[in-house]
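The values are calculated or read from the model by the stated rules, or taken from the named source; none is laboratory data. Every value quoted in this text rests on a predicted model; they were computed, and no experiment measured them. Here Cβ is always computed from backbone atoms with ideal geometry, including for glycine, and neighbour counts include all displayed protein chains. SASA here: full protein model, heavy atoms, side chains in, ligands and nucleic acids out. Shrake-Rupley method; radii C 1.70, N 1.55, O 1.52, S 1.80 Å.
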Amino acid sequence: MKTLLRFVGADLLQFRYSSTTLIAAASAVGFAALLTGMLVSTAGAETGIDLETAWGQGEVLVDPLTGLILLGLFASVWGNSYRDRSVTWSYLQSPHRGTVLAAQLISSAIVAFVVGLLAVVAKVATLQVMAGPPPAPWWTDNHGLLAVAGAVATTTVLAVVGTTIAVLTRSAALAVGVVFGWILLVEPLVLGILTVPEVVHQAFPGYSLGVIRNGLDDLDVAKAAALMVGYTVALAAAVFVVHRRRDPVR
């Protein structure tokens with residue numbers, strides 16, 4: 001446990017002094033505020049967003065970008081660590097490959113969680129400044145609460161997924177391509193071309209992430225969250241197995 005905590009601390013310190021991490025985090029928070037401002041300024045009959053209601057504010061607080069930015073960040077960081085062999089130092093300090101990988105996953109999740117919270121704070125602050133105090137605040141409706149929680153949860157999950165794919169492929173470009181390709185291309189094409197049962201449709205990872213992010217229904221969110229936890233744990237377990245059976249730096 002002490003070794004794991006030491007590696008997590010070292011990874012977090014690396015992120016703290018990494019200009020790439022700081023720029024990505026600032027970009028994620030900035031885009032979150034910008035997107036909120038755009039939605040607030042265009043709210044009305046044409047968009048169907050009514051800022052006088054808690055539901056409408058919940059729509060504005062949905063965050064589709066922060067998770068994708070953090071996914072790209074960690075896929076790049078850990079993928080490049082294998083390309084330039086900087087990860088070798090971690091394996092020289094500890095022969096336990098699982099400890100090094102667990103530290104990478106935990107540190108990525110911590111940073112993503114913090115950035116997700118900051119993005120939510122930026123979105124809420126932008127909403128309050130531009131729209132003023134509403135008759136029915138967003139936190140009085142489940143949709144607003146689920147949207148805020150979903151923003152942080154999806155950001156954390158996507159960061160962990162980006163890390164696991166990067167470790168598995170040892171390539172930043174391939175990791176980003178695999179995840180973005182699946183979410184933005186493969187899954188929409190499959191669901192658009194093939195006629196699949198509703199239960200199969202709802203089991204797709206991209207669909208589950210969308211349900212969690214949009215926070216439309218308590219029961220659907222609970223099911224989607226359970227699926228995403230299962231997918232993430234299964235992916236991490238598979239990476240642990242593969243990682244233990246191969247040379248970690250070649």
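Of all residues in segment 115-137 being at pLDDT below 90 and hydrophobic (A, V, I, L, M, F, W, C), which is nearest to residue 74 (Cα to Cα)? Steps first, please.
Taking segment 115-137 as the starting set, the residues that turn out to be at pLDDT below 90 are 127-137.
Filter again for hydrophobic (A, V, I, L, M, F, W, C), leaving 127, 129-131, 136.
Values: 127: 29, 129: 32, 130: 33, 131: 34, 136: 38 Å.
Within segment 115-137, the match that is nearest to residue 74 (Cα to Cα) is 127.
Show the residue pairs meeting these rules: Cβ distance below 8 Å; 6+ apart or different chains; first residue within segment 1-30 and farther than 13 Å from residue 111 by Cβ; second residue not in a helix (DSSP H, G or I).
3/94; 3/96; 7/94
Does segment 46-73 hold any residues that are within 17 Å of residue 213 (Cβ to Cβ), in contact (Cβ under 8 Å) with a residue 60 or more places away in the chain and outside any helix (DSSP H, G or I), and which are they?
62, 63, 64
Does residue 3 satisfy the criteria of being out of contact with any His (no Cβ under 9 Å at 6 or more places or on another chain) and either among the polar types (S, T, N, Q) or open to solvent by 70 Å² or more (accessible area, probe 1.4 Å) (or both)? Write out each step before concluding.
On the way: out of contact with any His (no Cβ under 9 Å at 6 or more places or on another chain): no; either among the polar types (S, T, N, Q) or open to solvent by 70 Å² or more (accessible area, probe 1.4 Å) (or both): yes.
No, not satisfied.
For segment 20-47, which residues satisfy the criterion of being hydroxyl-bearing (Ser, Thr, Tyr) and modelled with pLDDT of 85 or more? Please lay out each step first, then the result.
Step one: filter segment 20-47 for residues hydroxyl-bearing (Ser, Thr, Tyr), giving 20-21, 27, 36, 41-42, 47.
Answer for segment 20-47, where residues must be hydroxyl-bearing (Ser, Thr, Tyr) and modelled with pLDDT of 85 or more: 21, 27, 36, 41.
Taking only segment 169-206 into account, find how many residues are at pLDDT below 80, surrounded by 14 or more Cβ atoms within 10 Å (Cβ to Cβ) and hydroxyl-bearing (Ser, Thr, Tyr).
Total meeting the criteria: 1.
Mind listing whichever residues of segment 119-136 are in a loop (DSSP other than H, G, I, E, B) and open to solvent by less than 70 Å² (accessible area, probe 1.4 Å)? Walk me through it before giving the result.
Taking segment 119-136 first, the residues in a loop (DSSP other than H, G, I, E, B) are 132-136.
If the condition is that a residue be in a loop (DSSP other than H, G, I, E, B) and open to solvent by less than 70 Å² (accessible area, probe 1.4 Å), then 132, 134, 136 are the ones that fit.
Only one of 144, 215 is open to solvent by less than 20 Å² (accessible area, probe 1.4 Å), at positive phi and under 19 Å from the mean Cα position of the chain (by Cα). Can you tell me which?
215
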